[in-house]
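A short write-up of the structure that comes next.
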Amino acid sequence: GITSTAGTLFAVFSPDSDAIYGIVSINGAGDGFWRYSDSAGYMAVFRATRLGTTPVNQPFSGWHYHTVQSAASTYLIRRNSTADLATTVDWGVSSDILVGMENTVNELAGDIAEVILYDRGLSDAEITTIEVYLRAKWGFA
């Protein structure tokens, strides 16, 4: 499990439907990185409480990569290398890491190509380097 007070997650995935889905959960409250039927993300990776209806318009088809980071005083979500959300930190994790679902429910109908998890915050340059790597490896434009 993660024992630090900062973390960074990269996930490459492709949902196959507009159903509710989870990608990764590392939060004891059971909320992780997921999309609800209203198309909004209810993100809680590295958070004690989830962000309600944020960010909006989470994907329901095609390949995507997301970056989620909680470090210092900023909680950041990037979608396909574009900033999607920045807000205050509300640190919280558990020793359980679930991939492909959220809290043993809301399984992803689709594919997960890669998940990279760091137990620290990364610099902007490190994030860019990993996003460039993911774009090249998985064929993103």
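From the list Glu131, Glu114, Glu102, Glu126, which residue is modelled with pLDDT of 95 or more and either under 27 Å from Asp38 (Cα atoms) or touching a Gly at 6+ places or on another chain (Cβ under 8 Å) (or both)?
Matching residue, one of Glu131, Glu114, Glu102, Glu126: Glu114.
Filter segment 79-113 down to the residues that are among the acidic types (Asp, Glu) and closer than 16 Å to Ile26 by Cα, then identify the one that is least open to solvent (accessible area, probe 1.4 Å).
Filtering segment 79-113 for residues that are among the acidic types (Asp, Glu) and closer than 16 Å to Ile26 by Cα, the one least open to solvent (accessible area, probe 1.4 Å) comes out as Glu102.
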Using the structure shown, decide if Leu76 is within 14 Å of the chain's Cα centre (by Cα) and either surrounded by 17 or more Cβ atoms within 10 Å (Cβ to Cβ) or closer than 22 Å to Ala40 by Cα (or both).
yes
Looking at segment 114-121, is at least one residue in contact (Cβ under 8 Å) with a residue 12 or more places away in the chain and of a type in the set (Val, Ile, Thr)?
yes
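So in segment 54-70, with the set limited to residues that are more than 22 Å from Leu98 (Cβ to Cβ) and touching a strand residue (DSSP E or B) at 6+ places or on another chain (Cβ under 7 Å), which one is least open to solvent (accessible area, probe 1.4 Å)?
So the first thing to find is which residues in segment 54-70 are more than 22 Å from Leu98 (Cβ to Cβ), and the list is 56-57, 61-62.
Narrowing the set further to residues that are touching a strand residue (DSSP E or B) at 6+ places or on another chain (Cβ under 7 Å) leaves 61-62.
Numbers: Ser61: 67, Gly62: 36 Å².
Per the criteria, the residue is Gly62.
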Could you count how many residues in segment 19-53 are open to solvent by 20 Å² or more (accessible area, probe 1.4 Å), under 14 Å from the mean Cα position of the chain (by Cα) and of a type outside the set (Ser, Thr, Tyr)?
3
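The values are calculated or read from the model by the stated rules, or taken from the named source; none is laboratory data. These figures come from a predicted structure and were not determined experimentally. Neighbour counts run over all protein chains shown; Cβ positions are idealised from the backbone, glycine included. Heads up: the accessible areas ignore ligands, DNA and RNA and are worked out on the full protein's heavy atoms, side chains in. Shrake-Rupley method; radii C 1.70, N 1.55, O 1.52, S 1.80 Å.
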